[in-house]
1. Output the number of the condition that Ser285 fails; it satisfies all remaining conditions of (1) surrounded by fewer than 20 Cβ atoms within 10 Å (Cβ to Cβ); (2) among the hydroxyl-bearing types (Ser, Thr, Tyr); (3) under 27 Å from Ser101 (Cβ atoms).
2. What residue, of Gly254, Gly286, is at pLDDT 95 or above, outside the structural domain of Tyr137 (by TED's automatic domain parsing), touching a His at 6+ places or on another chain (Cβ under 8 Å) and under 26 Å from Thr69 (Cβ atoms)?
3. If Leu120 passes every condition in (1) surrounded by fewer than 21 Cβ atoms within 10 Å (Cβ to Cβ); (2) within 29 Å of Asp283 (Cα to Cα) but one, which one does it miss?
4. Condition first: at pLDDT 95 or above, in a strand (DSSP E or B) and farther than 22 Å from His105 by Cβ. Can you find one or more residues in the range 65-88 that meet it?
5. Can you name the residue in the range 176-190 that is under 13 Å from Phe271 (Cβ atoms) and under 15 Å from the mean Cα position of the chain (by Cα) and, of all such residues, is surrounded by the most Cβ atoms within 10 Å (Cβ to Cβ)?
6. Within the range 150-198, track down each residue that is closer than 30 Å to Ala110 by Cβ, among the hydroxyl-bearing types (Ser, Thr, Tyr) and in a helix (DSSP H, G or I).
7. Which one of these does Ala276 not meet: (1) free of Cβ contacts under 8 Å to residues at least 40 places away in the same chain; (2) under 22 Å from the mean Cα position of the chain (by Cα); (3) within 16 Å of Met182 (Cα to Cα)?
8. For the range 45-63, indicate whether the set of residues that are in contact (Cβ under 8 Å) with a residue 24 or more places away in the chain, part of a strand (DSSP E or B) and either among the small types (Gly, Ala, Ser) or not assigned by TED's automatic domain parsing to the domain that holds Asp246 (or both) is non-empty.
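The values are calculated or read from the model by the stated rules, or taken from the named source; none is laboratory data. What you see is a predicted model, and the numbers here were worked out from it, not measured in a lab. Neighbour counts run over all protein chains shown; Cβ positions are idealised from the backbone, glycine included.
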Amino acid sequence: MKPTLAFVGVGRMGANMARRLKDQGYPVTAVYDTHAAGAKEVAAELGAKACRTLAEVTRAAEVIFTVVTDDAAQRAVFAAAGDSLLSGAQGKAFVNCATISPRVHVEVQAAAEAAGAVSLEACMASSIPQARNGTLYLMCGGRREVFDRLKPLLIPLSDEGKLLRYVGPAGTGGQFKALVNMVMNINTAALAEGLGLGAALGLDLPTLIEVFSQTGANSRVLATDGEDMVNRDHPCYFSAAHAAKDIGIAVALGAEQHLRLPLAAATKSQFDRMVAAGLGRLDKSGVAELTFPGRHAGP
């Protein structure tokens, strides 16, 4: 029989993962979110219980996914005291999908094991449509035997396993994800500067995008963000605020290794400017608002 599932964090990513697994025949029995109204809506849709406490979530399911925002939120749901997913966690399994500092993944695994549970990080390098369609790129870190045990559950989330990777012990998935987002965000900021300069020069931007796509300037970001930057169309799939947070994780990892990462640092400063200017809720493509002539210059 398929295990019962619960989700902590049912924003657009968590809710779509829950929908996908529900479609695949997995019973989703409980959801929890600090935004209680949103949790109730998702629970009603899935036929699950909207839990008021984290301990209630743990009681309600065998496998609990966490899809939270940052280090503080991840530590809070696995707190050593008070309401916590670790309450009554003996025999449970946790799958942690947030983009957080690798050391927090290590802390969570240790805390889960001390409570008689297991933990796996399943870091995602995809966005909202992929969560719904089951085509997430998943980079998993933790104990290999835990990955093998939970692999059947992750396969329908990752294009039938074609996009599923075991990358090493606890914290390794977080390191891979930090580097993916670092390079992606550097590419995004660079594309915004290239298109912004092209606009200032009076070049035809659709032609410039075509030329970029056929030369060494091509990138995945060009396909996803290029037209949005030109058209000032920034529906949020991956927010500028999250971009600032995530590249900050990579910059901190570089500092721990005594490496200078000047491009990452400069890119972080751009996304920090967006947040400071009140543009943090825009998609990361909104960084073009700082580079195109005549647009929002930021602080």
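1. Here Ser285 meets the rest and fails (1).
2. Numbers: Gly254 fails: touching a His at 6+ places or on another chain (Cβ under 8 Å).
After ruling out the rest, the residue left standing is Gly286.
3. Going through (1) surrounded by fewer than 21 Cβ atoms within 10 Å (Cβ to Cβ); (2) within 29 Å of Asp283 (Cα to Cα) one by one, Leu120 breaks only (1).
4. Within the range 65-88 (the criterion being at pLDDT 95 or above, in a strand (DSSP E or B) and farther than 22 Å from His105 by Cβ), the answer is no, since none of the residues qualifies.
5. Asn185
6. Thr172
7. (3)
8. Yes, the range 45-63 contains at least one residue that is in contact (Cβ under 8 Å) with a residue 24 or more places away in the chain, part of a strand (DSSP E or B) and either among the small types (Gly, Ala, Ser) or not assigned by TED's automatic domain parsing to the domain that holds Asp246 (or both).
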